[in-house]
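The values are calculated or read from the model by the stated rules, or taken from the named source; none is laboratory data. If you're wondering where the values come from, they're calculated on a predicted model, not measured in any experiment. When we count neighbours, we look across all protein chains shown, and the Cβ atoms used for this are built from the backbone with ideal geometry, even at glycine.
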Amino acid sequence: MRRRTQFLSVAITAVVVLAGGCSDQKPGTPTPVPSPTPPSAQLPRDGAPAVTDPIKNTSGAETDPCSAVKTAQVEEFGGKVEKTVTDNGGLGKNCGWIFEEGPSNVNAGMVVGNKEGLSSLYAKNAHGDFATFKPVDPIEGYPAVIYGTTGGREGFCNLAVGLRDDLVYTVVPQLYSGNPMVNDPCGLATKVAAAAIKNLKGA
């Protein structure tokens, strides 16, 4: 009897900093107050790398996260998929692919509720919020980082890729004995992220 599959919700705490403006105003000579600078104009920061070729056409995958990566591609990387599910998370929709060799699965999607992209992760790391934080080689030219609030667990990986300075795509495999990628969950995450980027750029 298979254990019940539990999905790890992809959730990144977004800290949105708005820069305000002020002025010294004398009676009779009103001075316009500068409009707040959009957060995206202040990015990247906290040591996060810039996304030099931002992917702008992401609305379709934001609405339908399973459209970013074809099930056949996921099967090529991690084995036969039994079914897909969509998780309407508070920070964005995610697609979950459940492998037949359960309870292994991989969950991926865009964290649209985080308007600071990779900068939010770098800021959290600077504050000591992560036990694991490892920038990795760019994926299809896009900056990426492996992160986590706990130490590495066999079969588990949290990967975030910056699609734009203000948007990340996260991939979270949860693999167990029997899955061909159980010893390299971050390798699976990288393959899924690469497929998503190629598909999004071709859309």
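Some observations on this one:
- As a summary of the residue check, ASP24 satisfies the conditions (1) on the phi > 0 side of the Ramachandran plot; (2) modelled with pLDDT under 95; (3) not basic (Lys, Arg) except for the one numbered (1).
- Condition check for LEU159: within 16 Å of LEU43 (Cα to Cα) and among the hydrophobic types (A, V, I, L, M, F, W, C): no
- Scanning the range 169-203 for residues being in a helix (DSSP H, G or I), of a type outside the set (Lys, Arg) and at pLDDT 95 or above gives a total of 14.
- The set of residues from the range 68-77 being without any contact (Cβ under 8 Å) to a residue 12 or more places away in the chain and either surrounded by 12 or more Cβ atoms within 10 Å (Cβ to Cβ) or among the basic types (Lys, Arg) (or both) comprises just one member, GLU75.
- Taken over the range 121-133, the criterion of being surrounded by 14 or more Cβ atoms within 10 Å (Cβ to Cβ) and either basic (Lys, Arg) or under 16 Å from ARG45 (Cα atoms) (or both) is satisfied by LEU121, TYR122, ALA123, LYS124, ASN125.
For (1) aliphatic (A, V, I, L, M); (2) assigned to a loop (DSSP other than H, G, I, E, B); (3) on the phi > 0 side of the Ramachandran plot; (4) touching a Phe, Trp or Tyr at 6+ places or on another chain (Cβ under 7 Å), each residue gets a yes or a no:
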position: ASN88; (1), (2), (3), (4): no, no, no, no
position: ILE98; (1), (2), (3), (4): yes, no, no, no
position: GLU101; (1), (2), (3), (4): no, yes, no, no
position: VAL106; (1), (2), (3), (4): yes, no, no, yes
position: GLY113; (1), (2), (3), (4): no, yes, no, no
position: TYR122; (1), (2), (3), (4): no, no, no, no
position: PHE130; (1), (2), (3), (4): no, yes, no, yes
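- Any hit, the range 159-175, residues being in contact (Cβ under 8 Å) with a residue 40 or more places away in the chain, of a type in the set (A, V, I, L, M), over 18 Å from GLY117 (Cβ atoms) and crowded, with 16+ Cβ neighbours inside 10 Å: yes
- Within the range 86-108, if we keep just the residues that are charged (D, E, K, R) and free of Cβ contacts under 8 Å to residues at least 60 places away in the same chain, the residue that is nearest to ALA193 (Cα to Cα) turns out to be LYS93.
- Verdict on LEU163 being part of a helix (DSSP H, G or I), closer than 23 Å to CYS66 by Cα and either in contact with a strand residue (DSSP E or B) (Cβ under 6 Å, 6 or more places away or on another chain) or of a type in the set (S, T, N, Q) (or both): no
- Scanning the range 141-151 turns up at least one residue that is part of a loop (DSSP other than H, G, I, E, B) and within 22 Å of THR52 (Cα to Cα).
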